[in-house]
Amino acid sequence: MRFEAPKTTELAVALLAQETGTARVLAGGTDLLVQMKMDMITPDLVVDIKHIDGMHDITPEDGGFRIGAAVSGAALGEHAGVCALWPGVVEALELIGSTQVQGRATMAGNLCNASPAGDSVPAMAAAGAVARIAGPDGTRDCPVADVPVGPGKTSLAKGEFITSILLPSRPDNASDAYLRFIPRTEMDIAVASAGVSLEFDAAGTCTAAAVILGAVGPTILTADASCLVGTKLEDAALEKLAACCSATATPIDDKRGTTEFRKDVVGVLAKRAAKIAQTRAGAKS
Amino acid sequence: MALDTEKREFKILGTRPLRPDGVDKVTGRALYGADMSAPGMLTGKILRSPHAHARIISIDTSAAEALQGVKAVVTANDFAKASNSFMQDGLDNCMARGKVLYHGHAVAGVAAVSEAIAKQALKLIAVEYEVLPHVTEILDAIKPDAPVLHPDRNFKRLPEGTAANISHTTDFGHGDVEAGFAAADLIVERTFKTEATHQGYIEPHACLASMGPDGKADLWCCTQGHYNVRGMCADYLGMNISQLRVTASEIGGGFGGKTTVFIEPVALALSRKAGKPVKIVMTRDEVFKASGPTLSSLTDVKIGMTKDGKITAGYAMLRYQCGAFPSGTIDLGAMSAFAAYDLDAVHTEGFNVMTNRPREAAYRAPGAPTAVYPVEAVVDELCLELGLDPIDVRLLNAADEGTKASYGPTFEAIGLKATLEAAKAHPHYSAPLGPNQGRGVSAGFWFNFGGNTSVSLSLNDDGTVAVTEGNPDIGGSRASISMMAAEELGIPYENIRTIVADTNSLGFNDVTDGSRVTFAVGLATIEAARAAIKIMCTRVAKIWDIDPEAVTWEDGYAKPAGENAGKYDPMSLAEIAAIANKTGGPIAGHHEVNADGAGVSFGVHLADIEVDPETGFTKVLRYTVFQDAGKAVHPSYVEGQMQGGAVQGIGWALNEEYIYGEDGRLQNAGFLDYRIPVASDLPPIDTVILEIPNPGHPYGVRGVGETPIVPPLAAVSNGVSRAIGKRMSALPMSPPKILKVIKG
Ligand SMILES: Cc1cc2nc3c(=O)[nH]c(=O)nc-3n(C[C@H](O)[C@H](O)[C@H](O)COP(=O)(O)OP(=O)(O)OC[C@H]3O[C@@H](n4cnc5c(N)ncnc54)[C@H](O)[C@@H]3O)c2cc1C
């Protein structure tokens, strides 16, 4: 196995593109190293991107923030601007692992690991986050929601990797929230999850809603949240949302939860997360 | 050995001195199993079965042996025939012979110059299997057409017609059970299921074996009992016991799971073949697949009660599954089931059935938690139905001194009633509960054990004392033993260092199990101290030129007594030690005993549980443990045992389970999907220690280590059931299971 720690994006792209065997990007390594240790994957080349300029930066951009691909959960959680703008995304990322894991784990790593249970992914997708991807053919932008295409699979082509993720701006009276269900209180994988991003008018009526479900399908799933628009999130609207989420979910039956349980719980999570987002947005109910 | 008749004010017992192993453990100086190394050491790795059940047609090791850097490969052929069938089961569990009996069963071992080469060599071993149908569940394993694990063995003691996988049966009781049920106002009968759990110790099994060309060997390993390791390994390697010296490392948890051998005989066989030291360290995956899970169970319980709470009769049918080999744990379970009750009519039956799962290893009060849980759940249901207070009902029916226990013997002084009364009087019991909250009560019982013990104690010439014992310290025993020696000798705790010696440095010791060490090693330490005191008094008598009987020992001093009282200045232990070489040589005491009188132990637990009605998520809000410790030597350690047992029981009740696929493979061999509680899952566990002296120990000490894992299963289950208003009857009560019951 070869290990490289290039200083520039161009070098990293070249290394990844030229490798004839299996190449892997290393960000925090909290997925990659575990998978290597368990003999799930044996890469021929590992490219550490943490030494590339700008990878650790959080930069304001058009009212939003551009997050470098090596920014850890701990670093993002200490950034007051991001916390104020997208509290749901930050809380989702901060749910990952323990204090030790937080010092390393990244959003881009969580996204590219492409587990349907990755915690930050539904929250980023609900936020409309956009990944910036460098590759042999230059740079392109891709909505976060389109990066994972199946368990462990992404839409990235050979030689491509994510250099940053843009969390866009948002209007006033808007906020987001993320909830996951685990049988314990920490150190676990989501059995079902929901990221919710809501916008309200001055009177407290919901004007836009995005609800993304995790761990209940091969990738994240988008629920039809239109039942919230035009409401103040009264019980009837929330019950409709829960039912819609349960109907959207296509979970498997496995050691972490039954199909029936996941379908039920994902609806409960969505409606609870919606209430939290509403409170955060300061919307009158 | 009986309780001291003369009442004494303890000076050191009951205090909380610093733990002697604390600094080593927090600084990393402590040497655990994997920390031992030797020059020229090789890495050992074990090849394990991918199948749940298969015949081994052939094993071709030639390609592995030919790999550069591989120094030895061993299979079952490299071991001796064990001395009896129980020992042979232990060996066959370490290395499959003829058949693999579970997913993860060892089939070959490799020693190589690096881990990478050892791993590569495992891939080069060609095992040809004939895959056989497998069975992992109790009800499947007792079917007439079930795959049979040991078709060639004849479990003779069994009644005609029992299924071929049944290895043990049990059946006992007293009184007229049918008449008892006829006299009941209410009878509740239910079936309860529990899943296999793992002891979950943080330190994986690890050992270093080194055998010379002359056949003399040394073994360092992480174990609860190195004399037992020595006996088993010597048997499996065909060695004299004197040829093998075993040293126990510091231990990162055992809970019963380190009372046997797994990798140790393999490391020795590899070292013998390679002529070099071999170290084997299990991965967590191997720990789950191939070391000690506990049993799973399916139990019917039927109890009758009068309107005012008197139990009229009890019946239980216990079915235990203990993995791929015979197990007698069913006997311990059956004996524990009704132990907390004074019953006129009780009948307990049960059997053990073998399945294609790893061999059960002891887990804290083996057999008892899964037997007490169904009984305590049915008692709770009767109390609810009849509108009775669950502690009052237990008090009304509680076993007491003189009770003929459900399993035969008559109890001596026991602390169950006092423990129930303490729970009833505690503020926890009367604290208000909110919506979706329930309070569960359960009592629990464990036998406790004494056993073979050797201790030696010697005076150093500066007046400090060395205590040598032979039981790995899994719960603070070095502190407790130092304290008991200090108490008896009348010197400061800090002046004593207690160590765990290797198998050649001290007489035989049984395994650290059965909550025996503070009781039995403590007892032997007190006797060893008394022996040393006797010698000191004799020496002083010589100096004073008076009769040895005229010298007494008081608070660390030899004093003239009787008519000589006041005639000589008392001599301290330090003064006597300093001149020992002039008065007859080194001074030491020792004691060897097969201790009985361990004294049974009872506990009562209160658990407040909140259930999220929409998700089935449980939260333990408050938890209090009440337990009789006889005499709490070091109360912090006693509390630690009570808390640790409760936490393990809570995990068993809520989330821990071995999950098997249709293919008979274990699906959750890791801490991610085998969910032990994490710190944030739990409230502080409150403890109340009661002290009803054990008549069988000079200071009144009882073992406390195992009882606390017995009540939590029912305490939590009763709490959940009361919170949701429906009876739970299967563990673990994971959220999907609870939500299903809530939704009916
Ligand atoms: C103890 C523990 C607990 C955990 N708990 C959780 C949890 O609660 N929730 C959860 O969702 N996850 C959890 N995880 C998984 C993991 O921590 C997260 O998925 C984390 O976000 C991964 O980030 P990373 O930077 O460490 O990724 P890495 O391990 O470095 O990479 C993950 C994958 O993505 C690829 N990759 C990384 N960065 C890029 C990039 N910029 N462009 C393209 N490909 C890239 C890598 O090649 C690799 O395949 C846990 C892991 C551990 C060890």
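In terms of the Cα gyration tensor, with a ≥ b ≥ c the square roots of its eigenvalues, is chain B rounded because a/c is under 1.5, prolate because a/b exceeds b/c, or oblate? Oblate.
Look at B:TRP446, A:TRP86 and count the other Cβ atoms within 10 Å of each Cβ; fewest to most, that gives A:TRP86, B:TRP446.
In square nanometres, what is the average projected area of the Cα convex hull of the stretch A:2-167? Can you show the working numbers first?
On the way: hull surface 35.4 nm².
Average projection, Cα convex hull of the stretch A:2-167: 8.9 nm².
Think of the stretch A:174-284 as a dipole: +1 on every Lys or Arg Cβ, -1 on every Asp or Glu Cβ, centred on the Cα centre; then among A:ALA223, A:ALA208, A:ILE276, A:ILE276 lies furthest on the positive end.
With a sphere of radius 14 Å drawn around the Cβ of B:TYR699, what net charge do the other residues whose Cβ falls strictly inside it have (Lys, Arg +1; Asp, Glu -1)?
Working: positive: B:LYS7, B:ARG8, B:LYS11, B:ARG530, B:LYS631, B:ARG702; negative: B:ASP4, B:GLU6, B:GLU9, B:GLU487, B:GLU488, B:GLU527, B:GLU691.
Cβ neighbours under 14 Å give a net charge of -1.
Residue by residue along B:617-623, Cβ atoms of other protein chains within 10 Å of the local Cβ number 1 on average.
Between Rg and the Kirkwood Rh of chain A, both from Cα atoms, what is the Rg to Rh ratio?
Values: Rg = 18.7 Å, Rh = 19.1 Å.
Radius of gyration relative to Kirkwood radius: 0.98.
Over all other residues within a Cβ to Cβ distance under 15 Å of B:VAL647, the charged ones net out to 0, with Lys and Arg as +1 and Asp and Glu as -1. Taken one residue at a time, the phi angles of the stretch A:252-264 give Karplus couplings (6.51, -1.76, 1.60, θ = phi - 60°) of 8, 9, 8, 4, 8, x, 7, 4, 4, 5, 5, 5, 4 Hz. Gly and Pro are set to x.
How large is Rg over Rh for the stretch B:399-493, taking Rg from the Cα atoms and Rh as the Kirkwood inverse mean of 1/r across Cα pairs? Let's see the in-between values first.
Details: Rg = 21.1 Å, Rh = 18.2 Å.
Using Cα coordinates only, the ratio equals 1.16.
Here's how it looks for B:LYS71: its modeled amide H is under 5 Å from those of B:ALA111, B:ALA112, B:VAL113, which are all 5 or more places away or on a different chain. Amide H contacts under 5 Å for B:THR687: B:VAL625, restricted to partners 5 or more places along the chain or on a different chain, H placed in the peptide plane at 1.01 Å from N. Counting only residues at least eight positions apart within a chain, or on another chain, the lysines with an alpha carbon under 30 Å from that of B:LYS81 are B:LYS45, B:LYS71, B:LYS99, B:LYS119, B:LYS123, B:LYS156, B:LYS216, B:LYS258, B:LYS273, B:LYS276, B:LYS279, B:LYS289. Among the cysteines of chain B, B:CYS94, B:CYS222, B:CYS233, B:CYS322, B:CYS383, B:CYS537 have no other cysteine beta carbon within less than 4.7 Å of their own.
Per DSSP helix of 4 or more residues, -39500 (n - 2.57); summed, then divided by the residues of chain B. What does that give at 222 nm, rounded to the nearest 500?
Working: 21 runs with 209 residues, N = 744.
After summing the helix terms and dividing by residue count, I get -8000 deg cm²/dmol.
Since only B:ALA96, B:ALA66, B:ALA108 are under comparison, the one whose Cα sits farthest along the positive direction of the charge dipole of the stretch B:39-194, derived from C-beta charges on Lys, Arg, Asp and Glu, is B:ALA66.
Relative to the present Cα-Cα distance, how much length would full extension add between B:ALA63 and B:LYS81 at 0.36 nm per residue of separation? Let's see the in-between values first.
Values: separation 18, 0.36 × 18 = 6.48 nm, distance 2.71 nm.
That works out to 3.8 nm of additional length.
The charge dipole of the protein assembly as shown, taken about its Cα centre with unit charges on the Cβ of Lys, Arg, Asp and Glu (plus for the first two, minus for the last two), comes to roughly 1380 debye. Charge tally around B:ALA479: other residues with Cβ under 10 Å, Lys/Arg +1 each, Asp/Glu -1 each, net +1. Listed from fewest to most Cβ neighbours within 10 Å, the set A:MET107, B:MET484 follows the order B:MET484, A:MET107.
Among A:ALA190, A:ALA17, A:ALA177, the residue with the largest mean-square fluctuation in a Gaussian network model of chain A, with springs joining Cα atoms closer than 10 Å, is A:ALA17.
Which shape class applies to the stretch A:174-284: rounded if a/c is under 1.5, otherwise prolate when a/b exceeds b/c and oblate if not, where a ≥ b ≥ c are the square roots of the Cα gyration tensor eigenvalues? It is prolate, given that a/c is not under 1.5 and a/b is the larger ratio.
Which residue, B:PRO133, B:SER721, B:MET232, has the largest displacement toward the positive end of the dipole of the protein assembly as shown when charges sit on each Cβ (Lys, Arg +1; Asp, Glu -1)? My answer, from the dipole projection, is B:PRO133. Sorted fewest first by neighbouring Cβ atoms within 10 angstrom, A:GLU91, A:GLU4 come out as A:GLU4, A:GLU91. Note on B:ASP461/B:ALA565: beta-carbon distance plugged into 1/(1 + (r/R0)^6) with R0 of 30 Å gives a FRET efficiency of 0.55.
Derived scalar couplings between HN and Hα for the stretch A:77-94 equal x, 9, 8, 4, x, 5, 4, 6, 7, 10, x, x, 5, 5, 5, 5, 5, 6 Hz in order, rounded to whole Hz, by the Karplus curve 6.51 cos²θ - 1.76 cosθ + 1.60 (θ = phi - 60°), x for Gly and Pro. No solvent, one uniform scatterer per C-alpha: report log10 I(q)/I(0) for the protein assembly as shown via the Debye equation at q = 0.05, 0.10 1/Å, two decimals. Log-scaled intensity ratios, in q order: -0.37, -1.30. In order along the stretch A:22-32, the phi-based Karplus estimate (6.51 cos²θ - 1.76 cosθ + 1.60, θ = phi - 60°) of 3J(HN,Hα) comes to 8, 10, 9, 7, 10, 9, x, x, 6, 9, 4 Hz; Gly and Pro are listed as x. A straight Cα-to-Cα reach below 23 Å connects A:LYS240 with the lysines A:LYS232, A:LYS263, A:LYS271, A:LYS275, A:LYS284, B:LYS740, B:LYS743, residues fewer than 8 places away in its own chain not being considered. What are the lysines whose alpha-carbon lies under 23 Å from the alpha-carbon of B:LYS631, with same-chain residues fewer than 8 places away excluded? B:LYS631 reaches B:LYS7, B:LYS11, B:LYS417, B:LYS424.
Every number here is computed from the coordinates shown, using simple stated rules; none is lab data. Computed from a predicted model, the values in this text were never measured in an experiment. Neighbour counts are summed over all protein chains in view; Cβ atoms, including those assigned to glycine, are modelled from backbone coordinates with ideal geometry.
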